[in-house]
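The values are calculated or read from the model by the stated rules, or taken from the named source; none is laboratory data. Just so it is clear, the structure is predicted and the values come from calculations on it, not from any experiment. FYI the Cβ positions are ideal-geometry reconstructions off the backbone, even for glycines, and counts take in every protein chain you see. Quick note on the areas: whole protein, heavy atoms, side chains included, nothing else; ligands and nucleic acids left out. Shrake-Rupley method; radii C 1.70, N 1.55, O 1.52, S 1.80 Å.
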Amino acid sequence: MANHKYRQIFEKLQDDIAAGRYKPSKRLPSEAELVRRFGASRMTVFRAMHELQSLGLVIRRVGSGTYVSSNSNTGSHVFGLLIPELGQTEIFEAICQGMMEAQEAAHCSLLWGNAAAPEEHEKEQVAEQLCEHYISRKVSGVFFAPVEFSTNRFQANHRIVAALDRARIPVVLLDRCLEPYPQRSKYDLVGIDNRRTGYLATEHLIKAGAKRIAFFARPNSAPTVDARIAGYREALLLQEDKPLRDSVHIGDASDAKFIKSILKKQRPDAFICANDLTAGNLMHTLMALGQRIPEDIRIVGIDDVKYARLLPVPLTTLHQPCRDMGRMAMAVMLDRIANPDLPPRDVLLRCDLVVRKSCGMPVKNNGRS
């Protein structure tokens, strides 16, 4: 309930700023006033105000109050964020912060609609409702991270972009494409080079001495995971001595019975996981089964989320440059608005390897250890 109230306060103030009800440099209601108005706790109000501040929409002055940023120009572009995982993973939070840090965003604001659904099967419906909300608001464009982890995700994603096309609202895809890999949609996309990322993770494990490297992912993952698998397979095939055998597993990393069957049949000495969350779950499962990391099995993830270094064995992973992705996404959106006839573009950023203990290699002083 507290999370719902926080989103209600945040979205109402954000909408009021975007609509010009609170002018640039003008003072917002005090926290005490907002507590009374919304019937919320002071901590809930503080959280909403802090998030507005992190986006650059407001400025907090000690002893004076909270003021609308002078960059919150009512004549600016207002963009909608259609990101079902927003608030559930730190990657998209950082991407959105990067958008507002972009020099080009000085006269732009973002609408953070609540696309989070309590159940996986409700994601499509909630995302489509938010799409209609943005169309009714006549936003200048939509940053869209297509729905994943649901069986009807491809159909729902196509209905969303079709509705935005009818409304003549530009779309920039974040992180992933609408189409199964390696197909490509007609929309601009900003993300990482997933194929190269999978290649680098595999290459690192091979250099660490791994001979039987498995890839692990959740069912119904985004096309980015298929690109990472392609890079993983490419690295295995390009070994100078002889190609290594690929071993791709789709399932629940917390399912001890499933993981035990993989260990028995494939005897992997290393895992590459589609992301850090999967790697963390797999690590706990392997340790519960008596496996030592990295002595028995090495693990590498992808993302470099904050908890990666806090796992029982700090996780080697590929760092996503999320804020840079946000800055590039804003530049691509504004370029698309100014030049609507440009061909669709993939803007793919490089991931850097962050070496920690889970891969069994000496830890590098990379500033993220």
Inset, instruction - Taking Pro180 as meeting all but one of (1) open to solvent by 10 Å² or more (accessible area, probe 1.4 Å); (2) touching a Lys or Arg at 6+ places or on another chain (Cβ under 6 Å), write down the number of the exception. - result: (2)
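Out of the residues in the stretch 22-56 that are assigned to a loop (DSSP other than H, G, I, E, B) and modelled with pLDDT of 85 or more, state the one that is surrounded by the fewest Cβ atoms within 10 Å (Cβ to Cβ).
Gly39
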Inset, instruction - Filter the stretch 122-142 down to the residues that are touching a Lys or Arg at 6+ places or on another chain (Cβ under 9 Å) and free of Cβ contacts under 8 Å to residues at least 40 places away in the same chain, then identify the one that is nearest to Asp165 (Cα to Cα). - result: Ile135
Inset, instruction - Might you let me know whether the stretch 227-236 holds any residue that is assigned to a strand (DSSP E or B), within 15 Å of Gly301 (Cβ to Cβ) and in contact with a strand residue (DSSP E or B) (Cβ under 6 Å, 6 or more places away or on another chain)? - result: no
Legend entry - Residue among Thr278, Thr285 that is crowded, with 17+ Cβ neighbours inside 10 Å, over 19 Å from the mean Cα position of the chain (by Cα) and among the hydroxyl-bearing types (Ser, Thr, Tyr): Thr285
Legend entry - Number of the condition not met by Cys131 [criteria: (1) over 26 Å from Asp304 (Cβ atoms); (2) open to solvent by 10 Å² or more (accessible area, probe 1.4 Å); (3) of a type outside the set (A, V, I, L, M)]: (2)
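Is it the case that the stretch 240-261 has a residue that's assigned to a strand (DSSP E or B), in contact with a helix residue (DSSP H, G or I) (Cβ under 7 Å, 6 or more places away or on another chain) and open to solvent by less than 30 Å² (accessible area, probe 1.4 Å)?
yes
Quick check on this structure: which one of Asp335, Asp346 is at pLDDT below 95 and of a type in the set (Asp, Glu)?
From the options Asp335, Asp346, the qualifying one is Asp335.
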Legend entry - Within the stretch 120-157, considering residues that are more than 19 Å from the chain's Cα centre (by Cα) and of a type in the set (S, T, N, Q), the one nearest to Ile337 (Cα to Cα): Ser140
Legend entry - Residues of the stretch 187-224 satisfying the condition of being within 21 Å of the chain's Cα centre (by Cα), open to solvent by 10 Å² or more (accessible area, probe 1.4 Å) and either of a type outside the set (S, T, N, Q) or farther than 19 Å from Thr278 by Cα (or both): Tyr187, Leu189, Asp193, Arg195, Arg196, Tyr199, Leu200, Arg218, Pro219, Pro223
Inset, instruction - Output yes when any residue across the stretch 230-239 is out of contact with any helix residue (DSSP H, G or I) (no Cβ under 7 Å at 6 or more places or on another chain), open to solvent by 60 Å² or more (accessible area, probe 1.4 Å), closer than 22 Å to Cys351 by Cα and not charged (D, E, K, R), and no when none is. - result: yes
Legend entry - Residue ID - modelled with the lowest pLDDT, chosen from residues in the stretch 71-101 that are buried (at least 21 other Cβ atoms within 10 Å of the Cβ) and not in a helix (DSSP H, G or I): Ser72
Inset, instruction - Could you check Ser136 against (1) open to solvent by less than 70 Å² (accessible area, probe 1.4 Å); (2) over 18 Å from Leu55 (Cβ atoms); (3) in a helix (DSSP H, G or I); (4) of a type in the set (Ser, Thr, Tyr) and say which number it fails? - result: (1)
